[in-house]
Amino acid sequence: MIAKNCPFCGMRNNLDIDTLYPSGIGWKDADEGYRHYVFIHEQPLPKEQWCYKVVCNESYGGCGATMHGDSKEEVVEKWNRRV
């Protein structure tokens, strides 16, 4: 998985240095194909149902931009589509 540079500040995104991690929420399938989101600390879920976020980390000189997704793959894909 490779994440493109930040679309706002151009900071190189390195997923190895604390820029991709669980967001603290997860999803459960609900009626009619919708998802219901819950805090993973209040209602334990399998890791396959955890949500993740990518951050342009200010501690490493970034701007703090954030993107959320329902999986690691989804959040990186969404990050890479931003312009």
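Any idea which residue in segment 48-62 is farthest from residue 5 (Cα to Cα), counting only those that are loosely packed, with under 15 Cβ neighbours inside 10 Å and out of contact with any Asp or Glu (no Cβ under 9 Å at 6 or more places or on another chain)?
So the first thing to find is which residues in segment 48-62 are loosely packed, with under 15 Cβ neighbours inside 10 Å, and the list is 48, 58-61.
Filter once more, so that each one left must be out of contact with any Asp or Glu (no Cβ under 9 Å at 6 or more places or on another chain): 48, 58, 61.
Values: 48: 26, 58: 14, 61: 13 Å.
In this case the residue turns out to be 48.
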Subject >> Criterion (part of a loop (DSSP other than H, G, I, E, B), at negative phi and either surrounded by 18 or more Cβ atoms within 10 Å (Cβ to Cβ) or under 10 Å from the mean Cα position of the chain (by Cα) (or both)) met by exactly one of 13, 5 >> reply: 13
Original post:
Looking at segment 36-83, which of the residues that are assigned to a loop (DSSP other than H, G, I, E, B) and of a type in the set (Asp, Glu) is farthest from the chain's Cα centre (by Cα)?
Top reply: 42
Original post:
Within the group 78, 28, 72, 47, which residue is at pLDDT 90 or above and in contact with a His (Cβ under 6 Å, 6 or more places away or on another chain)?
Top reply: 28
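May I ask you to say which residue of 59, 23 is of a type in the set (Ser, Thr, Tyr) and under 22 Å from residue 81 (Cβ atoms)? I'd like the intermediate steps shown before the answer.
Details: 59 fails: under 22 Å from residue 81 (Cβ atoms).
Just a single option satisfies the conditions, and that option is 23.
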Original post:
Are any of the residues in segment 62-79 among the basic types (Lys, Arg), in contact (Cβ under 8 Å) with a residue 24 or more places away in the chain and touching a Lys or Arg at 6+ places or on another chain (Cβ under 8 Å)?
Top reply: no
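The values are calculated or read from the model by the stated rules, or taken from the named source; none is laboratory data. Every value quoted in this text rests on a predicted model; they were computed, and no experiment measured them. Note that each Cβ is placed from the backbone with ideal geometry, even for glycine, and that neighbours are counted across all protein chains shown.
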